[in-house]
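Presented below is the structure to which this report refers.
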Amino acid sequence: MKQVKATRYYRVDREHPAPDVIEAAARVIRGGGTVAFPTETVYGLGANGLDPEAVEKIFRAKGRPRGNPLILHVSSLDQARGLVAAWPPEAETLARLFLPGPLTLILPRAPVVPDVVTAGLPSVALRYPAHPVALALIEASGVPIAAPSANLSGHPSPTCAAHVRSDLDGRIDVILDGGPTEVGLESTILSLTGDRPVLLRPGGVTREQIEKALGVEVKLHEAVLTGRPRPENPEKGAGSEATAVAPCPGLFFKHYAPRARVIMVTGDPDRQAAKIGDYLNSHQDLRIGVLATEENAVSYRESTIPPAHLEILGSRRNPPEIASRFFGALRNCDDHEVDIILVETIPAAGIGLAVMNRLCRAAENRAI
């Protein structure tokens, strides 16, 4: 793609972002440009969500398929309500409990929302982030900001500004560096367009929390832990990711994958350690990276054939810590030029469901 003249880079204080820096970035948004900015989940690549030409720049910068819808980020619930044709009671309940926060709601779209944002779908994905820099930028811009993750399409999502620069320097106008993100995985996506809520992507607001809030069972989309579903619009080219439309951002397009081949390691912790040890012994011709929990780390450090690179994600007793480190660990393995990344699995409950969703997609369901 044609590169921009130069990507401007600004460091910003998370809690007290400098007004002049925010205004400079907001002018870029209002002028039809692109700005990468931190949220509590991952870094987003933003443009004016009501300007189709500006939104197109996001797709070009990322190499993102046009059938992959975007999320509109807002700085208030009033702004969110102005972008939808209906605001059901379930949306109000969830907004009161979890917003601002890592939750995206899919609702019937209002006519003001451009087709390029929704991939032509009758619904729109809305998010009210809980990050002072993101909120200041949206408010100063005066428009909802369309923003997927600020990475090349399919790569692990960025949890710090260095990840953004690695993927998009020279391809976008501005990067706002607000430090590392907190949650480390993208927001939960929940559809409220049907008879019952459907969880399309797990994230920082868990399925269990949503079910408790609404008092109903939340359906889990078939693709969450089983890989890519069939395209839902076969008239546009069944089986073709280049032409098919996903029902929400990133659902069936290849996602979260580093350059190295990712393989999930299943079983209880002892069985996982044994499997990884066997794999290291039988594949000594390859550079193997291992993403391990603290409980098993000593097994690999003391192995006769140690991994070429070892990343400690955190304790199995602390799944949020594992979530926050996951994408960075994948990128670190690529930096160490490994051929294979073996990743210990964790229980798919709470935020562990979000971790396993990303891992299944990164590994394309390869497992031992």
**Study point:** Selection status of VAL74, among the β-branched types (Val, Ile, Thr) and more than 23 Å from VAL198 (Cβ to Cβ)
**Key:** no
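Just to be sure before I move on: is VAL133 within 19 Å of GLY49 (Cβ to Cβ), modelled with pLDDT of 95 or more and buried (at least 23 other Cβ atoms within 10 Å of the Cβ) in the structure I sent? Walk me through it before giving the result.
Values: within 19 Å of GLY49 (Cβ to Cβ): yes; modelled with pLDDT of 95 or more: yes; buried (at least 23 other Cβ atoms within 10 Å of the Cβ): yes.
The answer is yes for VAL133.
Table: residues versus (1) of a type in the set (Asp, Glu); (2) within 26 Å of ALA86 (Cβ to Cβ); (3) at pLDDT 95 or above.
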{"position": "SER166", "(1), (2), (3)": "no, no, yes"}
{"position": "PRO197", "(1), (2), (3)": "no, yes, yes"}
{"position": "VAL216", "(1), (2), (3)": "no, yes, yes"}
{"position": "THR226", "(1), (2), (3)": "no, no, no"}
{"position": "ASN233", "(1), (2), (3)": "no, yes, no"}
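Considering only residues that are in a helix (DSSP H, G or I) and of a type in the set (A, V, I, L, M), look in the range 20-42 and name the one that is surrounded by the fewest Cβ atoms within 10 Å (Cβ to Cβ). Spell out the reasoning first.
To start, the set of residues in the range 20-42 that are in a helix (DSSP H, G or I) comprises 20-30.
Remaining after also requiring of a type in the set (A, V, I, L, M): 21-22, 24-26, 28-29.
Details: VAL21: 19, ILE22: 23, ALA24: 16, ALA25: 28, ALA26: 21, VAL28: 21, ILE29: 26.
Going through the qualifying residues, I end up with ALA24.
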Point to revise | Matching entry among THR193, THR226, THR159 (being in a loop (DSSP other than H, G, I, E, B), among the polar types (S, T, N, Q), farther than 24 Å from GLU364 by Cα and touching a residue at least 12 places away in the same chain (Cβ under 8 Å)) | key: THR193
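Tell me which residues, restricted to the range 267-326, are basic (Lys, Arg) and loosely packed, with under 14 Cβ neighbours inside 10 Å. Before you say what the answer is, go through the steps one by one.
Within the range 267-326, the first condition is being basic (Lys, Arg), and the residues that meet it are 271, 275, 287, 301, 316-317, 325.
Hits for the range 267-326 are ARG271, ARG301, ARG317.
Working carefully through the options LEU137, LEU121, LEU45, LEU107, find the one that is more than 19 Å from the chain's Cα centre (by Cα), more than 25 Å from THR206 (Cβ to Cβ) and not in a helix (DSSP H, G or I). Spell out how you get there, then give the answer.
On the way: LEU137 fails: not in a helix (DSSP H, G or I); LEU45 fails: more than 19 Å from the chain's Cα centre (by Cα); LEU107 fails: more than 25 Å from THR206 (Cβ to Cβ).
Being more than 19 Å from the chain's Cα centre (by Cα), more than 25 Å from THR206 (Cβ to Cβ) and not in a helix (DSSP H, G or I) holds for just one of LEU137, LEU121, LEU45, LEU107, which is LEU121.
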Practice item. Find the residue count for the range 316-368, including only residues that are out of contact with any Asp or Glu (no Cβ under 8 Å at 6 or more places or on another chain) and among the polar types (S, T, N, Q). Key: 4
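Which residues, counting only those in the range 8-39, are of a type in the set (Ser, Thr, Tyr), farther than 14 Å from ALA136 by Cβ and either free of Cβ contacts under 8 Å to residues at least 40 places away in the same chain or touching a Leu at 6+ places or on another chain (Cβ under 7 Å) (or both)?
Here is the first cut: in the range 8-39, the residues of a type in the set (Ser, Thr, Tyr) are 9-10, 34, 39.
Still in the list and also farther than 14 Å from ALA136 by Cβ: 9, 34.
Hit for the range 8-39 is THR34, nothing else.
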Practice item. Kindly indicate whether any position in the range 97-117 is free of Cβ contacts under 8 Å to residues at least 24 places away in the same chain and in contact with a Pro (Cβ under 6 Å, 6 or more places away or on another chain). Key: no
**Study point:** Per-region count, the range 52-88, residues under 27 Å from THR159 (Cα atoms) and in a loop (DSSP other than H, G, I, E, B)
**Key:** 11
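The values are calculated or read from the model by the stated rules, or taken from the named source; none is laboratory data. What you are looking at is a predicted structure, and each value in this text was computed from that prediction instead of being measured. All Cβ positions, glycine included, derive from the backbone under ideal geometry; neighbour counts span all protein chains shown.
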